[in-house]
Amino acid sequence: MSYLIAIPRFIILPRQRHAVTSPRAVIPHGRSFFSLISGDGIGREEALAFDFDSVVDRRGTGSLKWDRYGDTDVLPMWVADMDFRSPPAVIDALSERVAHGVFGYARPEAQLTETVVAALSARYGWEIEPSWIVWLPGLVTGLNMACRIAGDSGDAVISSVPVYPPFLTAPGYAGRHLISVPMIRAGTRWQLDMDQLQTPAARAAAMLLLCNPHNPCGRVLSRGELEAIAEFCLANDLLLCSDEIHCDLILDDVKHLPIATLCPAIASRTITLMAPSKTFNIPGLGCAFAVISDAAVRRRFKQAGNGIVPDINAFGFIACEAAYRHGGPWLEALLDCLRRNRDTTAKVVNDELPGLSMHHVEATYLAWIDTRDLGLKNPADYFERHGIGLSDGRHFGRDGFVRLNFGCSEATLHEGLKRLRAAVAACG
Ligand SMILES: Cc1ncc(COP(=O)(O)O)c(C=O)c1O
């Protein structure tokens, strides 16, 4: 019997372990989310109270990730959403809001903004003003709005490649010209080819789009790398749009540094995009924000969305506040699980699958796998025919690569890796 068919619909297997349902119950006495998220780790027992083992059947729930393959026996490990249920505190807050029953237009309450301000301060030492926050229905919206204020029509916008696909399309949608700068291998990690920024065309560009932590390369850019990018933008008068959606998903013992915190000069030309969506697995709720300290840049950014960008929905706001306020312990437990999954994936890919390789993933739940030694014409299509749905590297601007999402239960990951093994074996 196939793996997919073996999972009954809407049943959580193998066991339901939600020992914790109340947001207050999950925070150890005397500790707030902010102390927890700022590195004050929680104990093993507390982490175990959350369930990352059960396989939640997502088929037939209108899931982009799972419904793509319908009833066929393809295990989806592509788009960047995880298969885990959100933190109990988020589910409780949403349930309470649903029970209220009136779903009119929403606005961000002061306590939500205060929560975000406090989270950025606790996590990154980033002291922002509430007025710097611009709420958005998603980061992709923010990327596209940013490109619309990059110089004039016909000007250039720089992005790394490979990168999350909307970075490659947003400049063109805004009538701007894309300059792509490759991520190159430096020892065991990927880094931006800074030499490519020294061309006259790059120096004349209007904006640089930064993805940090980097999707799909899994890098957390170091202070030195960020300073070099900031210096380039300052020296050549570029705006900077920094997508930091994966900033709380750091798996290594390294710190995420928002580029806007480097110095006031770089902050005043930076649009930072963030969201609770990847961290707490709520991307379907459509709630994100930009942080823009410069009033003129902020005004232009808002104007770019006038009449087009919808307000954020009530559930997005509710989930965002609950996640940042109470989601710390869940996040700690999630990161433990992702570290294990990352290590398992890397070991199998690098040690057991000749023809496949991946670099170490410092952040995110995404493995960027080089399949070029297998000599496949269309790797994503090949793996799909062997029962595993991966993201196609071509959409990220790189042929010969696939991206595997390991944000899933251990059982699902093992099944996916089993299919990957069988596919590679069938290749020879
Ligand atoms: C780097 C990056 N930015 C943005 C997004 C999507 O953001 P949103 O769903 O808020 O538009 C993703 C989703 O995978 C991503 O990886």
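Every number in this text was worked out from the coordinates using simple rules, so none of it is lab data. These numbers were taken from a predicted model, which means no experiment stands behind them. Here the Cβ is made from the backbone with ideal geometry for all residues, glycine too, and neighbour counts use every protein chain on show.
Each of ALA411 and VAL79 was given a label point 7 Å from its Cα along the Cα-to-Cβ line. The distance between the two points is 2.4 nm.
Please give the contour-minus-distance gain from ALA99 to GLU352: 0.36 nm per residue of separation, less the Cα-Cα distance, rounded to one decimal in nm.
Between ALA99 and GLU352, full extension yields an extra 86.0 nm.
Peptides 139-149, 57-67 ranked from most to least packed by the mean count of surrounding Cβ atoms within 10 Å: 139-149, 57-67. Looking at the chain, the DSSP beta bridges with both ends there are about 55 percent antiparallel. From helices alone, the chain scores -10500 deg cm²/dmol at 222 nm; the rule is -39500 (n - 2.57) for each run of n ≥ 4 DSSP H residues, then divide by the residue total. Build a GNM of the chain with springs between Cα atoms under 10 Å apart, and of ARG340, ARG299, ARG203 the one that fluctuates most is ARG299. Beta bridges assigned by DSSP with both partners in the stretch 110-326 are antiparallel in approximately 40 percent of cases. Stretched out straight at 0.36 nm per residue, the stretch from GLN196 to ALA296 would grow longer than its current Cα-Cα span by 33.0 nm. The count of lysine pairs in the chain with alpha-carbon distances below 28 Å, taking only pairs 8 or more places apart or on different chains, stands at 12. Reported to the nearest whole Å, the Cα centre-to-centre distance from the stretch 185-250 to the stretch 335-379 is 23.
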